[in-house]
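Below is one structure, written out as structure tokens, with a few remarks after it.
No lab work stands behind these numbers, since they all come straight from the coordinates. Keep in mind it's a predicted model, so treat the numbers as computed, not measured. Virtual Cβ from ideal backbone geometry, glycine too; neighbours counted across all protein chains shown.
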Amino acid sequence: MRKDKNITSVISIPLQMGEKSQSVNKPKSFLTAKWRFESTLAVILMMVGILIVLPRQSLAQTNNCWPSFRANQELTGYTPVSIGNSIKLKWAFKTEDAIKSSAVVCNNQIYIGSNDGFLYSLSMDGKLMWKFEAKNSIEAAPLILDNTIYFGTLQGDFFALEAKSGKLRWKYQTDGQISGSAGWIYSPDKKEKWIIVGSYDFFLHCVNARTGEMIWKFEADNYINGAPATDGKIAIFGGCDGFLHMINVADGKEKDKIDVGTYIASSAAISGDQAFYGNYDGGLYATDLKSKKTLWEYKAGPFLGSPALADGKVVIGSQDKNIYCFDQQSGKVLWSFKTQRKIDGSVVIAGEKVVFGSGDGRIYVLNLKTGEKIWSYELGAALSSSPAVINGMIIIGGEDGIVYGFSTGN
């Protein structure tokens, strides 16, 4: 994103033909008032310029708010939060079954689903605030938008709850399990917000965020697993039909699709006109969305997690037990780090560090530039959930049914 370093406001009053510029002695009070006016005007114009170029994700994601599965609509899994070097387990909260869902957090409330069929809201010190019975497993991360929590279940139900109290706002039914998280977009007139979510009924569903009424739905050729990434104009997702689909969000019509050969179990991340995604055959791809050409690819074990993008790097975990870091433009492997078990969850890039959980029961923090391990903590149960990272805290769920909160010492 390019920002103007200097914004200057100039008000020019043209002279009439033949008129000469004259020096006029102004009173000091007039000059002071004029200076104040021009300074204020310059500040206003600068702020307007900043608001124009701010990315959409800044309206939701902050250092104290991780509002969705990958933190933003583009699913980049990045936060500028700096993690300190003194990381300690602060609290643990137990649910009644395994946790594959990932946590989200905003306004000092944590939200996470469990295979016990409940969505939980916890305080920042790990105390239960409320829980909502969805009556079936919740494997996808919730979405926080406008004081509402949106999430789906493996039964195909999609819920909207009041964030503060857990009160049901509305319920929408799909005809297949929901394994991926929801995203959101604006309606074409910018007056409403719409929720988009994929289902095993082969459809990408778009519903009104306020009412739950269906706007449109797009039919793929097989199950839809992951979350849709969006730049506000198109939604990008893969699934079991072996295609990366690009859908116009205004009307739900397919703009294009890219044949990737095998099913995509995770979600794509987008940066400009490029998409980055892994597939179940072990291929990681960088694709130009305009030309549909593969820019580079890398073969490793199956990729079930989603990539994180930052600082010209692509970082992703694989079922071959490794975390890989690639140069975003060339696809060159910059480093790799091996754990003791497969990695099914998605990584997070937090400032200059990489955070992730592994099937070996450990949560890790690595140096983004070198891949060297900075810290790890053994929890004793496999981690297929992805971490949520905010200022001062890392939150992750374990397959032992426990939500863990770590203080990060920053």
Subject >> Any hit, the stretch 251-270, residues being within 21 Å of F69 (Cβ to Cβ) and not in a loop (DSSP other than H, G, I, E, B) >> reply: yes
Original post:
Which one of these does I215 not meet: (1) crowded, with 23+ Cβ neighbours inside 10 Å; (2) of a type in the set (A, V, I, L, M); (3) in contact with a Phe, Trp or Tyr (Cβ under 7 Å, 6 or more places away or on another chain)?
Top reply: (1)
**OP:** Of all residues in the stretch 385-410, count the ones that are assigned to a loop (DSSP other than H, G, I, E, B), of a type outside the set (V, I, T) and over 17 Å from the mean Cα position of the chain (by Cα).
**Re:** 7
Original post:
For the stretch 147-227, which fully contained strands (runs of 3 or more DSSP E) count at least 3 residues that are under 21 Å from the mean Cα position of the chain (by Cα)?
Top reply: 148-152, 157-162, 183-186, 193-198, 203-208
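For every residue, the table says whether it meets (1) out of contact with any Ser or Thr (no Cβ under 9 Å at 6 or more places or on another chain); (2) surrounded by 16 or more Cβ atoms within 10 Å (Cβ to Cβ).
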position	(1), (2)
G361	yes, yes
K373	yes, no
L379	yes, yes
S385	no, yes
V389	no, yes
I394	no, yes
D400	yes, yes
F406	yes, yes
Subject >> Qualifying residue in the stretch 128-142 (condition: of a type in the set (S, T, N, Q) and over 17 Å from D157 (Cα atoms)) >> reply: no
Original post:
How many residues are surrounded by fewer than 20 Cβ atoms within 10 Å (Cβ to Cβ) and more than 15 Å from the chain's Cα centre (by Cα) if we restrict to the stretch 70-92?
Top reply: 9
Original post:
Assuming G272 fulfils every condition listed in (1) surrounded by 21 or more Cβ atoms within 10 Å (Cβ to Cβ); (2) without any contact (Cβ under 8 Å) to a residue 24 or more places away in the chain apart from one, which condition is it?
Top reply: (1)
**OP:** Quick one: which strands (runs of 3 or more DSSP E) lie wholly within the stretch 286-332 and hold at least 3 residues that are at negative phi and surrounded by 23 or more Cβ atoms within 10 Å (Cβ to Cβ)?
**Re:** 313-317, 322-327
